[in-house]
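Have a look at the structure below, then the notes.
Every read-out reported here was derived from the displayed coordinates using simple, explicitly stated rules and does not represent laboratory data. Just so we're clear, the structure is a prediction, and the values are computed from it rather than from any experiment. Neighbour counts are summed over all protein chains in view; Cβ atoms, including those assigned to glycine, are modelled from backbone coordinates with ideal geometry.
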Amino acid sequence: MHLGLTALLEFYRTHQTDDALVLGTVIATAGSTYRKPGAMMLITHDSSYHGLISGGCLEADLASHAKEVFADGKTRNVCYDMSQGDDFAWGLGLGCDGVIHLMLQRLEGNTGFGFFETLDQAWKANKNGLLSLITASGDPNYSAGNYALHCGAEFSNGDLSLMSSMHSPEGSLFSEGHDMSRRYWQDTIDTSQGNIDLLLIPIMPPPAILICGAGHDALPVARLAVEMGWRCTIVDHRPGFARTDRFPNSCEIRVLQPDELSKHIQLDHIDAAVLMTHHLGHDRSYLSQVVEATVSYIGLLGPRARRDRLLDEIGAKGVHVHGPAGLDIGAEMPESIALAIIAEIHAFLNRRDGSMLTQSGG
């Protein structure tokens with residue numbers, strides 16, 4: 001589940017000297033809504049905010065509710081019900097026909113802004129984890145807004161007794177690999193004093209993409225990956241191409257010979273590799289290493305015959321490689337090819353087939 005936490009944590013870092021922030025979290029939805037439970041936004045005293053809980057229409061109104069939370073520190077729930085067209089009464093006119101339930105809570109700076117300080121540390125260490133958030137409580141010992149964050153033994157915070165559901169219905173949250181299809185789920189803990197309702201949110205650092213080849217057509221792929229909030233590494237044996245000034249600042253640029261890839265890049269931390277050197281021998285070398293490392297998504301430019309030839313030459317004929325890489329959107333120029341490739345990777349990580357929403361009933 002991609003929560004947009006990369007940008008949200010950047011906003012948090014710029015406000016670490018504030019005395020408090022208000023966190024807004026979508027805790028339940030019904031019908032058609034832009035975001036689902038687990039979506040978050042941070043709000044400051046001056047009503048600036050970051051993070052989307054709608055298509056951009058509710059955020060300003062929610063910031064006004066946050067002033068009350070700043071004033072008395074009490075956690076509040078806010079509901080936007082557009083199912084009967086009531087949103088026009090607020091001047092929103094969304095027409096989404098959905099219901100959004102949000103929880104607003106004050107996070108104090110002197111206590112690390114709730115779980116954000118620990119989450120930031122885990123994020124930088126590339127750790128997966130689980131956030132367990134109380135949305136309602138009948139037990140006087142627990143309050144709505146209480147939480148537990150567990151991203152491995154070294155990155156834990158909050159009341160870990162809330163971690164009774166450490167594993168999702170789909171298996172361990174701490175398994176290797178990146179699966180953006182993991183969604184929130186809800187749980188109830190029965191105590192001697194009453195029931196506690198929990199929203200459990202998988203925490204996953206952004207996907208890591210490796211681009212082999214730093215030619216002209218690699219530039220828009222890297223730019224789009226960075227816009228998505230993904231971690232991007234570019235490798236090329238040509239120093240004139242593998243230059244930091246050609247790519248976004250957050251990209252890692254490495255000058256490597258093709259056969260040195262696995263010696264210098266931790267391929268077991270890579271979620272998607274795109275081979276775009278336009279050189280048969282170089283692609284063969286890169287391909288053999290990413291196949292051996294069992295990188296989840298491998299994309300290769302060029303026709304199917306070229307892909308099959310390379311797989312045959314490295315003795316990996318049965319391995320699935322996306323070649324030609326990308327969705328079929330009629331791409332021809334570097335920018336549209338990059339869009340097709342990034343869209344395919346996004347669909348793959350979300351376990352979707354990339355079909356049109358009108359055909360899938362979305």
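Miscellaneous remarks
- Convex hull per residue volume in Å³, alpha carbons only, for the chain: 165
- Descending by average beta-carbon neighbour count within 10 Å, the peptides 279-285, 296-302 line up as 296-302, 279-285, the highest first.
- From its DSSP helices (H runs of at least four residues, each -39,500 (n - 2.57)), the chain gives a residue-normalised ellipticity at 222 nm of -7500 deg cm²/dmol.
- Sorting ARG223, ARG231 from the fewest to the most surrounding beta carbons within 10 angstrom yields ARG223, ARG231.
- Per-residue Cβ neighbour counts within 10 Å put LEU107, LEU256 in the sequence LEU256, LEU107, beginning with the fewest.
- Label-to-label distance for HIS216 and THR14 is 3.5 nm, based on points extended 7 Å past Cα in the beta-carbon direction.
- Pairs from the table (LYS36/LYS67; LYS127/LYS317; LYS124/LYS317) lying more than 29 angstrom apart at Cα are LYS127/LYS317; LYS124/LYS317.
- Share, in percent, of DSSP beta bridges within the chain that are antiparallel, nearest 5: 70
- Enclosed volume per residue, in Å³, of the convex hull spanned by Cα atoms of region 194-274: 108
- Value of relative contact order over the chain, rounded to a whole percent, pairs C-alpha under 8 Å and six or more apart: 12
- Mean-square fluctuations from a GNM of the chain, with a 10 angstrom spring cutoff on Cα atoms, peak among ALA325, ALA316, ALA242 at ALA316.
- Note on the chain: GNM, Cα springs under 10 Å; of THR118, THR191, THR44, the largest mean-square fluctuation is that of THR191.
- The peptide list 353-359, 258-264, 199-205, put in order of mean Cβ contacts within 10 Å with the highest first, becomes 199-205, 258-264, 353-359.
- Per-peptide average of other Cβ atoms within 10 Å, ordering 208-219, 138-149, 121-132 highest first: 208-219, 121-132, 138-149
- Between the amide H of ASN146 and those of ILE134, distances stay under 5 Å, these residues lying 5 or more places away or on another chain, with hydrogens modeled in the peptide plane.
- Convex hull (Cα only) mean projected area of region 208-349, reported in nm² to one decimal: 7.5
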